Amino acid sequence: MMETKQSKRVAVSLPNETRDFLEKEAQETGVPLSNLLSYIAVNYVREEKKKRSGSQVN
């Protein structure tokens, strides 16, 4: 049986300038706005994890 992947929705509030910028980037690159936001969020979390794990003293 094939498993279907369901996405979850998350509401975010962005400043107008940020929303305008991201919408423009999405239009220019052809990448959907939701994909851009997902990419940004995932990379931010990865970088924060790296920073925090690198600053721990063993």
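The values are calculated or read from the model by the stated rules, or taken from the named source; none is laboratory data. Note that the structure is predicted; figures quoted are calculated from it, not measured. No Cβ is skipped: glycine too gets one built from the backbone with ideal geometry, and neighbour counts run over all protein chains shown. To get the accessible areas, we keep the full protein, side chains included, count just its heavy atoms, and leave off ligands, DNA and RNA. Shrake-Rupley method; radii C 1.70, N 1.55, O 1.52, S 1.80 Å.
Only a single item in (1) open to solvent by 100 Å² or more (accessible area, probe 1.4 Å); (2) modelled with pLDDT of 95 or more is not met by Gln6, and it is number (2). Filtering the range 28-39 to residues that are surrounded by 11 or more Cβ atoms within 10 Å (Cβ to Cβ) and part of a helix (DSSP H, G or I) leaves Leu33, Ser34, Asn35, Leu36, Leu37, Ser38, Tyr39.
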